[in-house]
Amino acid sequence: MSELHDLLKFAERPVGSGYLEKLRYYLSNGIPSTYTVEQLNNYLEGKEDDECNGSNTTPLHVLAKHLPENINDEEEKVILEMMNTLFEYGAGWNFIDAEDKTVGDHLIDRGYGIDSLFYRRLVEAGVSAELLLRKVNENIEFLEEQEDDEEEEVLEEVKPEQAVAVNSDATANEPEVFLSTELEYRENALVTKDEQDGVMMDWEDEIMKMSAKSLLKTVNNSGDGDDNESKNVLNIGFGMGIIDGYIEEYRDEDTKHYICEAHPDVLAKMKEDGWFDKKGVVVLTGRWQDELNKIIDEGGIYFDGIYYDTFSEGYEDMIELYDNIVGLLKPDGIFSFFNGLGGDRQLCYEVYKEIVSIDMKNYGMRCEYRVVPVGIKSEGNGDKGKGGIEEPNWQDIKRSYYNIPYYYHPEIQFM
Ligand SMILES: C[S@@+](CC[C@H](N)C(=O)[O-])C[C@H]1O[C@@H](n2cnc3c(N)ncnc32)[C@H](O)[C@@H]1O
C-alpha cells in the first residue's frame with residue numbers, strides 16, 4: 001500500500017503524465033486518498049488504527065513535503081492535476097500531520113506561498129468543503145426526523161472535510177459557559193479567572209484603532225449630508241474597551257456611540273469606569289442576539305458603522321449576525337469585525353477570508369481586506385511590528401489565539 005506515498009515523493013524527474021496515470025490507478029483500485037502514513041505504519045506493525053497519536057500525515061502532506069525544486073510549467077500542471085485528482089477522490093484539506101503542520105504549512109516551507117497556484121487550489125478545496133459541510137449541517141435537523149442510518153451515511157461523507165476548530169476549549173466555545181465564567185482584568189489583558197484564557201489583549205490596540213477609524217469613516221465624511229438623520233455607530237463586545245476608547249476619541253459630538261455587552265463582570269467594570277454616564281454613549285446591556293432584535297423591532301435607528309468582536313462565538317453566530325447587519329446598517333455604512341477566524345492556523349485563516357467574502361456577497365455586500373503585518377517575533381514583552389500590529393505576547397496566557405504573520409482587516413459595505 002505504500003506505493004501511493006512513494007509515488008508522491010517524486011523520486012523521478014521530470015514529473016510527467018505517468019505520475020498522474022499511476023495516481024489514478026492506485027485511487028481507482030481502492031487505496032483511499034486519505035490513507036495516512038500513520039495508518040500505513042500501524043498496518044506494518046500489526047497495530048490497530050486507534051493506536052496512533054492523533055496525527056494524520058495524508059497523501060497531500062507527502063506531496064507537499066516532497067515537491068521537487070525548480071519545477072517547470074509542464075510539471076506544475078501535472079502536480080496541480082494530481083492535487084485535483086486527490087480532492088476528487090475525497091482528500092481532506094485540513095488535516096494536521098505528525099509535525100503539527102497542515103498541507104499549506106508544507107507548501108510554504110517548500111517555497112509555495114499563499115498566492116501560489118498550489119496554495120490557492122488548497123484554499124479553494126477548503127472553501128468548497130466548508131460550504132458543503134454547512135449545507136449538510138443545515139439539513140441535519142431535518143435528517144434527524146428521518147431514519148437514523150440515513151443520517152449516519154451523510155455524516156460519514158463529510159468527516160474528512162471537517163474544519164479545524166477555531167478554539168478547542170469549553171469556555172472559549174460555549175457562549176453560555178463563558179457568560180457565567182468569572183473574568184479578571186489585568187494590566188494588559190482581560191482573561192478568564194480560572195483558565196487564564198485570553199478574552200482580549202492589548203496587542204490588538206492597533207487593530208482596534210484601525211477599526212474605530214473604519215466605523216467612523218462615512219460619518220465623519222458626511223458633513224454636508226442629511227442633517228435630520230441621526231449618526232450612530234455600534235460596537236458589539238466591550239472587553240477592555242480599547243475600540244470604544246478610540247471611538248470616543250474620533251467621533252464628533254453629534255454621533256451616538258452604542259456599546260452592546262453581555263458579561264456581568266465587564267458591565268460592572270464599564271459602570272465603575274463611568275461608561276454608562278458618558279454623553280452620547282448608549283450601553284445595551286445584554287447579548288447582541290437579544291439587543292439588536294429589540295432595535296430592529298422598534299425601528300428608526302440605523303448605523304453608520306457596526307463592529308463585532310465577541311468571545312466564544314463561532315462562525316455560525318456570525319452568519320446569524322449578518323441578518324441583523326443588513327437590517328441595521330445604513331446604505332453607505334461600514335461593518336467590520338475582529339478577524340481572528342481560523343487565526344490559529346494560516347490555512348484556515350485563508351479559507352475563512354474567502355468564505356466571509358462569499359457570504360457577504362450573498363447579502364449584496366462587498367468585503368475588502370487591508371493586509372497589515374503583525375510584528376516580527378521579539379524577546380520579552382510585545383514588540384511594535386514593522387509598521388503594523390504589535391507582536392502578540394502570550395506570556396501567562398493559556399493558549400494563543402492568533403498565530404498569523406499578517407492581519408486581514410475587513411471593511412464591508414453594500415455594493
Ligand atoms: C474580545 S472582547 C472585545 C474587545 C474589544 N473589541 C476591545 O476593544 O477591547 C469580547 C467581548 O464580547 C463580550 N460578549 C461575548 N458574547 C457576547 C454577546 N453575545 N453579546 C454581547 N457581548 C458579548 C464579552 O463579554 C467581551 O467583553
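The values are calculated or read from the model by the stated rules, or taken from the named source; none is laboratory data. Values in this document were obtained by computation on a predicted structure and should not be read as measured data. For neighbour counting, all protein chains shown are included, and Cβ atoms are generated from backbone atoms with ideal geometry for every residue, glycine included.
May I ask you to list the residues in the stretch 317-360 that are under 24 Å from Tyr406 (Cα atoms) and of a type in the set (D, E, K, R)? Across the stretch 317-360, the qualifying residues are Asp344, Arg345, Glu350, Lys353, Glu354, Asp359. When the stretch 201-238 is filtered for residues that are farther than 23 Å from Gly300 by Cβ, modelled with pLDDT of 95 or more and aliphatic (A, V, I, L, M), the ones remaining, listed by number, are Ile207, Met208, Met210, Ala212. Only one of the listed residues (Lys256, Lys330) is under 25 Å from Glu229 (Cβ atoms), modelled with pLDDT of 95 or more and out of contact with any helix residue (DSSP H, G or I) (no Cβ under 9 Å at 6 or more places or on another chain). That residue is Lys256.
Could you tell me which residue of the stretch 284-306 is farthest from the ligand (Cβ to nearest atom), considering only residues that are hydrophobic (A, V, I, L, M, F, W, C), more than 21 Å from the chain's Cα centre (by Cα) and buried (at least 17 other Cβ atoms within 10 Å of the Cβ)? So the residue we want is Phe303.
Residues in the stretch 249-263 that are more than 9 Å from the ligand (Cβ to nearest atom) and not β-branched (Val, Ile, Thr): Glu249, Tyr250, Arg251, Asp252, Glu253, Asp254, Lys256, His257, Tyr258.
Looking at Asp100, Asp105, can you tell me which residue is touching a residue at least 60 places away in the same chain (Cβ under 8 Å), in the same structural domain as Leu20 (by TED's automatic domain parsing) and surrounded by fewer than 21 Cβ atoms within 10 Å (Cβ to Cβ)?
On the way: Asp100 fails: touching a residue at least 60 places away in the same chain (Cβ under 8 Å).
None of the other options fit; the residue is Asp105.
Among the conditions (1) closer than 19 Å to Tyr307 by Cα; (2) more than 23 Å from the chain's Cα centre (by Cα); (3) near the ligand (Cβ under 10 Å from one of its atoms); (4) not small (Gly, Ala, Ser), the only one that Thr218 does not satisfy is (3). Only one of the listed residues (Asp317, Asp290) is modelled with pLDDT of 95 or more and in contact with a Pro (Cβ under 8 Å, 6 or more places away or on another chain). That residue is Asp317.
Of all residues in the stretch 270-283, those that are crowded, with 16+ Cβ neighbours inside 10 Å and within 13 Å of the ligand (Cβ to nearest atom) total 3.
Checking each residue in the stretch 54-79 for being hydrophobic (A, V, I, L, M, F, W, C) and over 11 Å from Phe118 (Cβ atoms) picks out Val62, Val78.
From the residues in the stretch 378-407 that are hydroxyl-bearing (Ser, Thr, Tyr) and crowded, with 17+ Cβ neighbours inside 10 Å, which one is modelled with the lowest pLDDT?
Out of the qualifying residues, it is Tyr401.
Within the stretch 1-27, the set of residues being charged (D, E, K, R) and outside any helix (DSSP H, G or I) comprises Lys9, Glu12, Arg13.
Just to check your reading of the model, which residue among Leu329, Leu267 is more than 30 Å from Asp115 (Cβ to Cβ), surrounded by 21 or more Cβ atoms within 10 Å (Cβ to Cβ) and not acidic (Asp, Glu)?
Leu329
Taken across the stretch 282-301, residues that are of a type outside the set (D, E, K, R) and within 26 Å of Pro373 (Cβ to Cβ) do not occur at all.
Could you tell me whether Asp309 is more than 30 Å from Gly343 (Cα to Cα), within 14 Å of the ligand (Cβ to nearest atom) and among the charged types (D, E, K, R)? Criteria not met by Asp309. Cβ-Cβ contacts under 9 Å between residues 6 or more apart (or on different chains), taken from a first residue in the stretch 245-268 that is closer than 17 Å to Met210 by Cβ to a second residue that is among the acidic types (Asp, Glu) and within 12 Å of the ligand (Cβ to nearest atom), are listed as Tyr246/Asp205. Total residues in the stretch 169-215 satisfying the condition of being within 22 Å of Leu341 (Cβ to Cβ), free of Cβ contacts under 8 Å to residues at least 12 places away in the same chain and away from the ligand (no atom under 11 Å from the Cβ): the figure is 1.
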